[in-house]
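These notes concern the structure reproduced below.
The values are calculated or read from the model by the stated rules, or taken from the named source; none is laboratory data. Everything numeric here is computed off the predicted structure, so don't read it as measured data. FYI the Cβ positions are ideal-geometry reconstructions off the backbone, even for glycines, and counts take in every protein chain you see.
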Amino acid sequence: MTDKRAWTVWISILGLGLLIGFGSFVYQVTSGLGVTGLSNTVSWGMYIVSFMFLVGVSAGGLIVVAGAELAGSQRFEHLNKLAVICSIAAVTTAAGSILPDLGRPFAAWKMMVHPNFTSPLVWDMGVLTVYLLIGAIDLYILTRPEVSRKSLRIMAIISLPVAIIVHSVTAWIFGLLVARPFWNTPLLAPLFISSALVSGTALVIATAWVVERVTPWRAGSEAMDGLRRLILWFIAADVFLLGTEVMTTFVSGEPDHRRQLDILLVGRLAPVFWLEIIVGVFLPTIILLSNRVRKHSWMLLVAAVLLILGVFAKRINILFAAEFEPLIDLAPGIPGGRPSQQFRPDEVYIPTLVEFGVLFGMASLFFSIITFGVQMFVISKND
Amino acid sequence: MSETTPSPVASRVSPIEALSAASREYGTIDVRSEHPRWGMTVDLERCVGCWSCAVICKSENAVPLGLWWNRILTAGEALDTPHVNEYGNHELHWVPLACQHCDDAPCEKVCPTSATYTNAEGIVLVNQDECIGCRYCMAACPYGVRVFNWGTAEHPVPVGTGMIESRPVGSVEKCTLCVHRLAENQVPSCVWSCPAQARVFGDLEAPDSRLVQMLESRNPEVLLEEKGTRPKVSYLQPRRRRPIEPSEK
Amino acid sequence: MTSEVTRRQLLTGGAALTAATVGVGAVNSSVDRSIELSEPVDRVVRTTCSPNCTGACGQLAFVRDGKVVKIQQAADFPDKVYNPRGCMKGLSYHLQIYNQDRVMTPLIRTGARGSGEFREASWDEVLDLIAKEMVAIGDKDGWDSIHVFGQVPGSGYIHKGANYRACATLGMTHGTSFDLNGDLPMGMPITFGVQNAEHEAKDWANSKFILLIGANPIETRIPDAHFLFDAVANGARMVVVDPAFSGTASKADTWLQITPGTDAAFALSLAQVLVEEELGNMQFMRTYTDAPLLVRADTGKRLLESDLVGAVTPDRFVVWDVTTQTALAIPLDRLGIPQGIDAALEGSFAVVLADGTAVRVSPGFAHVVAELQKWTPEKTKEITGLDPAMVRSVARAYAAESPAAIIMGAGSNHWFHGDLQGRALALCASLTGNIGKSGGGFSVYVGQYKVRVKWAPWVNIGDIKAKIVASIYFLRGKTPQMHESVPYPKNGYKALFCTFANMFVQAPDVNRLYKTLDELDLIVTVDHQLTDTAAYSDVVLPATTWYEKLDLTATPLHPFLQLQQPAISPVGESKSELWIWQELMRRIDPVAYAAHWQVTEEDAIRMILAEGGPTEGITFEQLQAGPVRLKVPDPDIPFLAQINDLVPFPPQSMPVALDKTQPFVPTGRIEFYKDFDTFLELGEQVPTYKPPRDDESNDPTVFPLRFLTPHSKWRIHSTYGNNPWMNEIHGGRPPVLIHPDDARSRQIKEGDEVEVANSRGRVVAWAQVTDSVKAGSVILHEGWWPRTFKAGKGVNELTSSEVNPIHEVHYVPNMWAPSTGWKDCNCEVRRV
Ligand SMILES: Nc1nc2c(c(=O)[nH]1)N[C@H]1C(S)=C(S)[C@@H](COP(=O)(O)OP(=O)(O)OC[C@H]3O[C@@H](n4cnc5c(=O)[nH]c(N)nc54)[C@H](O)[C@@H]3O)O[C@H]1N2
Ligand SMILES: Nc1nc2c(c(=O)[nH]1)N[C@H]1C(S)=C(S)[C@@H](COP(=O)(O)OP(=O)(O)OC[C@H]3O[C@@H](n4cnc5c(=O)[nH]c(N)nc54)[C@H](O)[C@@H]3O)O[C@H]1N2
Ligand code: SF4
Ligand code: SF4
Ligand code: SF4
Ligand code: SF4
Ligand code: SF4
Ligand SMILES: [Mo]
């Protein structure tokens, strides 16, 4: 550890975050979800965004490990453990994000005791568990004194399709709902996969970058550059899919689907949408492509962070574009008055402090897992 | 929890048994087959957008302030405000909206715990003990008729109605088609209370029921048919007007 | 309310954080159940919903733990077409029984009037105080200087009747409501000699054509609206004449967007077409109306038999027999024209009077026809804004279908010249012979006025009756032409006892009213809601609701007599109005108390039932079980004796004796020619059109918009204005409906804060820009509580209290008395 003070500060922030998160969660549980900005019309909010986002982010680790393994490339060898830890952190926190979203978190066990197998949420629960297991097994294999290539390969063969399924199933949670035309498109799953790849890889880049600065551990410039190239392909795929979606909607979309696109392009979500495009795609792409800019090594971190932000923005957009659109095109049908704010009836959503508190807790959990994971499995071995 | 009766409370005086003979007769279901499948239709020509059905639903089911199982959409610009149609004429009607009791109910499919289920009489219900409050069903329902218990329920009267089981904080609730009344052979409360007699309730399996005869003679439509949900609630569209044509001297 | 919730949440939150250390699971289970599993319902009690609405809907109160937990229609009317009867407001009255505005104890003002500062007091203290003050005022200025104002007696004969009984006992003057409310359709007494006369609502279903003008039953007669649809289902056509696209317009076959205040012009055009195209039923006109009666050209008065032959009794009216070319007197005691006489309806003839002078005479109808020539559809186009070709078609369709009904509403009646609109429409109904015919008629369902039982033994003390002063004179003082028989107090007014009314919000021209109030020594209000009227009073007495007391009620809309029955014991310390009067009497006049006031509600009801007539054979026990039909025809239609048996007009208007209203129509016929002096002076002897005038005090160039204040679907006047459920639905903020053109020229956008003002007052509310209103007018529904506005004391800051001299030609309170012209009001709207 290079700087003891920085370490203490970092650990304190994480501790505080966990505390705030837990406190907010307890407060929310005791008062009911009315303390959030959610309502009957916008009934899913930042917790679900966080869930979608984190599931996506988890892609990075396994893809890097498994992809490289299958491609027979040793380039990312150094990155393996770090990447897997990122994945585990993401999957764990993703599952954790669901808990505060439940109205009755203490009844969550019912979902395991008598699951309804027609529910994509149940499927997702299943694949996420498998995914977490794979991560754990990967980590186990990688931390053996003698890394078994064969086991890794087998794991890779299993984990690649599982990764695809995880993101598809997560997409289907939304995509299979006939109620919401914006989600109800076959492209949603590919879109989830592509942006998962972008954000997952970006997370590995960012984490590696930071760990390289604060510990003796090194990923190696070749590996980092490899990630850079990889991510550019992912961005391309992602932009292509998004473009297709926008184009088809424009040219031949159903009217209500088009209206939802309008919410994004010019409507209430336009700021977030254009943030997603400009800050989340355009800027980082330039950074990653331009040799001049890339000279500054910290630019890589900037690009990675921007990409992550961009995907986060995209999750926000995907969720709310559908929720902000009235389901039935008749006006207004929703009681206009509001005796108490918690029953807010219109398609408005402003997250509250409580939600930020819980999200802060989630973030802290996420970084705690990474921090201690890196501490335990990555640096200690390197040292 | 049994299929059609709410959990019995010892020494309960049924609010239905307490009715006078005349009142009770008014609300008696016309005919029911051996295996009824309940349905409803709303005559939009008769509906005056008065929300009586919505308000009585709140009383009947102790729906807290801020939540509505039943509400009235305006086919117009805003609440009670007409829109101008393609011929330049003003138009306005109302569409009362509660759970459509879909035969193919998306809410039921997505419910991770099977808390949402369809009972033997075709009514889509939420088992409050099983609901974990994930609100997936709310995202899945194309009609937006489900509501969530966001917090400690506020009630205008500091006592429950004693007419329906309770719902915990954090669970989802919605129209039950007044399943507790059906057990006593009484129409749902919204049907009882519609002053325009715009709502017709009955057994879809009973050919002699007023409902079935109405549906056969009046060309009903369902909401968002394209979603494939096959609702058991339908709507009879407003009639064609017979405007008076201007005539010269 | 919101802050309360947050605070509570914060508290629970704080507690929870502490508890979290103990174990989150435990905390969760303790809040898990938001609604406690309920105990059984104790009982179900039938009562009658009785706001100032006229619905008189039977309701069931479901009571648990002594609280009303649900209200639902009783749906037990023996005439099943009336079931279920009841609207969303009635179904949410338990929110009124238990709301934050409920007056729980007697209150005595501590701050300045209107400051809203009160202290709670005991009943003994307030009753002593009121009794003492009343006696002081009574002794000094006379008991008649105490004005007792209570709305619409028909919706509670016992407790509202107690007000009259109290006035009869003490000599206080009772006010009026039917006329102050502008609901008294003055066209009715003028034309038919009755207070009002309408078909029971179910008879709408028998119509083949329904013309609704200025009436919005889809929103203001919600329990009866379906009878319109029943008619339509039977093939009837529905035409709605309204400047706004009302709920009722949305159901119409044809909507005529008329310029406000011009209904008379429209109706005259209809009549003109009926006459010109010979679509009228002249036999009806000859038989039942004054059409054939001759009018002297020199005086404008009717030609009397005595004019021709010198003093005779009875002095009969005269027609022109076309066959013999002579003027012949016809009988007074029977309608119709005697066999053998061919009475002229047009032409001008010379007759020689008893004194030898020759005068020209012409049948009344000739005057009507001459007037109609001025109002052809083409000529009224500019006034009404209606296409003449359309007006013609409507006239033809109306004449072609039989029976055809005209339903006139407050939108037509609530004008300074509302009487002229009514007279013109009555003319149409008579011309087509639709009077006294099921499915036809000319009905005005505005207000709850009707005393349908013989309540004299209850409201009078023997022969002593309450003195009644039209409340408009209380509000604005005497007018120059006030009828001499108005028992206006010689020392003016010193006190107001206001009950069953939210007078200071709902009366017209309230800024003027507040000046009157400043002069008073005592203001007492009895209400169960702390309305702005109550808040401005010196003493507020907590009243019971119709879920807490026993009373007897009826309505013009349906012929069923019903009880209000107590379902719960009085909330807080509230008491019934009868109890309040009894206690005051005991303190003021123990002798009278002992002699006349030891009566229970049930005694009083039995007393009334025993009088018979409409209540013949009806027992208290029957009423306890459910509604009982009064002894009236089925369907209940007015003028049957006149039309079928040729009994002269008018039928009796209860509760006054026939001889009070008979002078309204001296000919004993339906009168379209009025020869009272004032009518002649003002040129209103036959139905005509006069433009809106708004007191002539709001120059239309400065205040160019018509200020219309119709009744809101979401309230009964101000009642339910604070109902949480209703507020959830409509949002709780008064919208000012303004046409896009008017909004544009004033730079007003949707949702803007706007000031609506004229020379009398102003309110600040929020614009709703919609072309459902007619350009040149704005709509702001009456009844919003003042506190819902951004500023102002409510819509009636702007309205006019001007008195029409025609309404002062006779004086029978609530029957021929000044009727308020709410909608006759100009304003300007600007963005603030
Ligand atoms: N929901 C509800 N129901 C009520 C009441 C209530 O407050 N709320 N009050 C009860 C009482 S006491 C009364 S008196 C009645 C009154 O009820 P209605 O007779 O229906 O009277 P308003 O609502 O005043 O006006 C009816 C229509 O007249 C239109 N109008 C306005 N000006 C004109 C005009 O110049 N010409 C024409 N042709 N139309 C015009 C308005 O736009 C409105 O649509 O309602 C009774 N029922
Ligand atoms: N601008 C404008 N103003 C209008 C009209 C309009 O069209 N335009 N319409 C007018 C018409 S038609 C009418 S009828 C009037 C109505 O005027 P009001 O009858 O004065 O109006 P409400 O608001 O119904 O007030 C009734 C009051 O009686 C109280 N109350 C109810 N039950 C009881 C009881 O049992 N005992 C006692 N003591 N009090 C009780 C209620 O709480 C309420 O405060 O308004 C008139 N005002
Ligand atoms: S309307 Fe919605 S809640 Fe009701 S059954 Fe259909 S999908 Fe489910
Ligand atoms: S909220 Fe309850 S009913 Fe709805 S899907 Fe989740 S568990 Fe099922
Ligand atoms: S059927 Fe019952 S629960 Fe459903 S909307 Fe009607 S009153 Fe409410
Ligand atoms: S009660 Fe009847 S008329 Fe009123 S809104 Fe409901 S369905 Fe329509
Ligand atoms: S408010 Fe009027 S219409 Fe509504 S229930 Fe009461 S009496 Fe009937
Ligand atoms: Mo009225």
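So which of C:795, C:778, C:812 is of a type in the set (Val, Ile, Thr) and under 19 Å from residue C:504 (Cβ atoms)?
When all the criteria are applied, what remains is C:795.
Tell me which residues, restricted to the stretch C:497-544, are within 16 Å of ligand 8 (Cβ to nearest atom) and assigned to a helix (DSSP H, G or I).
Scanning the stretch C:497-544 gives C:503, C:505, C:506.
What do you reckon, is residue B:60 more than 9 Å from chain A (Cβ to nearest Cβ) and either of a type outside the set (Lys, Arg) or within 16 Å of ligand 7 (Cβ to nearest atom) (or both)?
yes
Residues in the stretch C:759-774 that are more than 14 Å from chain B (Cβ to nearest Cβ) and either among the small types (Gly, Ala, Ser) or touching a helix residue (DSSP H, G or I) at 6+ places or on another chain (Cβ under 8 Å) (or both): how many?
Summing the residues that are more than 14 Å from chain B (Cβ to nearest Cβ) and either among the small types (Gly, Ala, Ser) or touching a helix residue (DSSP H, G or I) at 6+ places or on another chain (Cβ under 8 Å) (or both) in the stretch C:759-774 gives 6.
Tell me whether the stretch A:316-327 contains one or more residues that are away from chain B (no Cβ under 14 Å) and either crowded, with 16+ Cβ neighbours inside 10 Å or under 24 Å from residue A:173 (Cα atoms) (or both).
Within the stretch A:316-327, one or more residues are away from chain B (no Cβ under 14 Å) and either crowded, with 16+ Cβ neighbours inside 10 Å or under 24 Å from residue A:173 (Cα atoms) (or both).
Pairs please, first residue from the stretch A:1-27 and free of Cβ contacts under 8 Å to residues at least 40 places away in the same chain and within 22 Å of residue A:354 (Cα to Cα), second anywhere and surrounded by 15 or more Cβ atoms within 10 Å (Cβ to Cβ) and of a type in the set (A, V, I, L, M), Cβ atoms under 9 Å, 6+ apart in sequence or on different chains.
Listed pairs, sorted by first residue: A:26/C:16; A:26/C:17; A:26/C:19; A:26/C:20; A:26/C:24; A:26/C:27.
Determine whether the stretch B:49-56 contains at least one residue that is in contact with a Phe, Trp or Tyr (Cβ under 9 Å, 6 or more places away or on another chain), more than 19 Å from residue C:88 (Cβ to Cβ) and either within 16 Å of ligand 8 (Cβ to nearest atom) or within 14 Å of chain C (Cβ to nearest Cβ) (or both).
no
So residue B:182 clears everything in (1) modelled with pLDDT of 95 or more; (2) farther than 30 Å from residue A:32 by Cβ except one condition, right? Which one?
Residue B:182 satisfies every listed condition except (1).
Which number in (1) within 14 Å of chain B (Cβ to nearest Cβ); (2) over 20 Å from the mean Cα position of the chain (by Cα); (3) in a helix (DSSP H, G or I) marks the one condition that residue A:173 misses?
(2)
So for the stretch B:126-148 (the condition being under 21 Å from residue C:724 (Cβ atoms), of a type in the set (Ser, Thr, Tyr) and either free of Cβ contacts under 8 Å to residues at least 40 places away in the same chain or more than 14 Å from chain A (Cβ to nearest Cβ) (or both)), does at least one residue qualify?
Scanning the stretch B:126-148, I find no residue that is under 21 Å from residue C:724 (Cβ atoms), of a type in the set (Ser, Thr, Tyr) and either free of Cβ contacts under 8 Å to residues at least 40 places away in the same chain or more than 14 Å from chain A (Cβ to nearest Cβ) (or both), so the answer is no.
Restricting to the stretch C:96-127, count the residues that are surrounded by 15 or more Cβ atoms within 10 Å (Cβ to Cβ) and either in a helix (DSSP H, G or I) or of a type in the set (A, V, I, L, M) (or both).
Going through the stretch C:96-127 one residue at a time, the tally reaches 9.
Looking at residue B:121 and the list (1) touching a Leu at 6+ places or on another chain (Cβ under 8 Å); (2) away from chain A (no Cβ under 11 Å); (3) within 30 Å of residue A:100 (Cα to Cα), which single condition is not satisfied?
(3)
If you go through the stretch B:203-249, how many residues are part of a helix (DSSP H, G or I) and at the interface with another protein chain (Cβ under 8 Å from one of its Cβ atoms)?
Here the count works out to 1.
Would you say residue A:79 is in contact (Cβ under 8 Å) with a residue 12 or more places away in the chain, within 28 Å of residue A:191 (Cβ to Cβ) and crowded, with 18+ Cβ neighbours inside 10 Å?
Judged against the criteria, residue A:79 is a match.
One residue is enough: does the stretch B:232-249 have a residue meeting the conditions away from ligand 6 (no atom under 16 Å from the Cβ), closer than 22 Å to residue B:102 by Cα and at pLDDT 95 or above?
Yes, because at least one residue in the stretch B:232-249 is away from ligand 6 (no atom under 16 Å from the Cβ), closer than 22 Å to residue B:102 by Cα and at pLDDT 95 or above.
Quick check: is even one residue across the stretch C:322-329 part of a helix (DSSP H, G or I) and away from every other protein chain (no Cβ under 14 Å)? Please lay out each step first, then the result.
Pass one, the stretch C:322-329, residues part of a helix (DSSP H, G or I): none.
The answer is no, given that none of the residues of the stretch C:322-329 is part of a helix (DSSP H, G or I) and away from every other protein chain (no Cβ under 14 Å).
Go through the stretch C:355-421 and tell me which helices (runs of 4 or more DSSP H), entirely inside it, have 2 or more residues that are away from chain B (no Cβ under 14 Å) and either at positive phi or in contact with a strand residue (DSSP E or B) (Cβ under 7 Å, 6 or more places away or on another chain) (or both). Steps first, please.
Numbers: elements: C:364-372, C:377-384, C:388-400, C:410-413.
Helices (runs of 4 or more DSSP H) meeting the threshold: C:364-372, C:410-413.
In the stretch C:193-203, is there at least one residue being under 25 Å from residue C:664 (Cβ atoms) and out of contact with any strand residue (DSSP E or B) (no Cβ under 9 Å at 6 or more places or on another chain)?
Looking through the stretch C:193-203, at least one residue is under 25 Å from residue C:664 (Cβ atoms) and out of contact with any strand residue (DSSP E or B) (no Cβ under 9 Å at 6 or more places or on another chain).
Would you list the helices (runs of 4 or more DSSP H) that sit entirely within the stretch C:135-246 and hold 1 or more residues that are within 16 Å of ligand 8 (Cβ to nearest atom)?
Numbers: elements: C:157-170, C:187-192, C:217-220, C:225-233.
Per the criteria, C:157-170, C:187-192, C:217-220.
For residue C:351, which of the numbered conditions (1) outside any helix (DSSP H, G or I); (2) within 14 Å of another protein chain (Cβ to nearest Cβ) fails to hold?
(2)
Kindly provide the set of residues from the stretch A:331-383 that are modelled with pLDDT under 60 and among the hydrophobic types (A, V, I, L, M, F, W, C), ordered by number.
Restricting attention to the stretch A:331-383, the residues satisfying the condition of being modelled with pLDDT under 60 are A:335-345, A:381-383.
Of everything in the stretch A:331-383, just one residue is modelled with pLDDT under 60 and among the hydrophobic types (A, V, I, L, M, F, W, C), namely A:343.
In the stretch C:640-674, which residues are among the hydrophobic types (A, V, I, L, M, F, W, C), touching a strand residue (DSSP E or B) at 6+ places or on another chain (Cβ under 9 Å) and crowded, with 19+ Cβ neighbours inside 10 Å?
Passing the criteria: C:649, C:664, C:670, C:672.
I need the helices (runs of 4 or more DSSP H) fully contained in the stretch A:1-119, keeping only those with at least 2 residues that are at pLDDT 95 or above.
Of the helices (runs of 4 or more DSSP H) lying wholly inside the stretch A:1-119, those with at least 2 residues that are at pLDDT 95 or above span A:4-31, A:46-57, A:80-101.
In the stretch A:28-56, what count of residues is obtained for those that are in contact (Cβ under 8 Å) with a residue 24 or more places away in the chain, under 23 Å from residue B:152 (Cα atoms) and among the polar types (S, T, N, Q)?
Here the count works out to 6.
Under 6 Å between Cβ atoms, which residue pairs at least 6 apart in sequence (or on different chains) link something in the stretch C:357-370 that is touching a residue at least 12 places away in the same chain (Cβ under 8 Å) with a partner that is among the hydroxyl-bearing types (Ser, Thr, Tyr)?
Note: pairs meeting the criteria are C:360/C:348; C:362/C:348; C:364/C:673; C:367/C:673.
Conditions (1) in a helix (DSSP H, G or I); (2) buried (at least 22 other Cβ atoms within 10 Å of the Cβ); (3) in contact with a helix residue (DSSP H, G or I) (Cβ under 8 Å, 6 or more places away or on another chain), marked per residue:
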| site | (1), (2), (3) |
| --- | --- |
| B:113 | no, yes, yes |
| B:117 | no, no, yes |
| B:130 | no, yes, yes |
| B:133 | no, yes, yes |
| B:142 | no, yes, yes |
| B:152 | no, no, yes |
| B:157 | no, no, yes |
| B:162 | no, yes, no |
| B:176 | no, yes, no |
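Could you say which residue among A:248, A:244, A:215 is at pLDDT below 90 and within 30 Å of residue A:348 (Cβ to Cβ)?
It is A:248.
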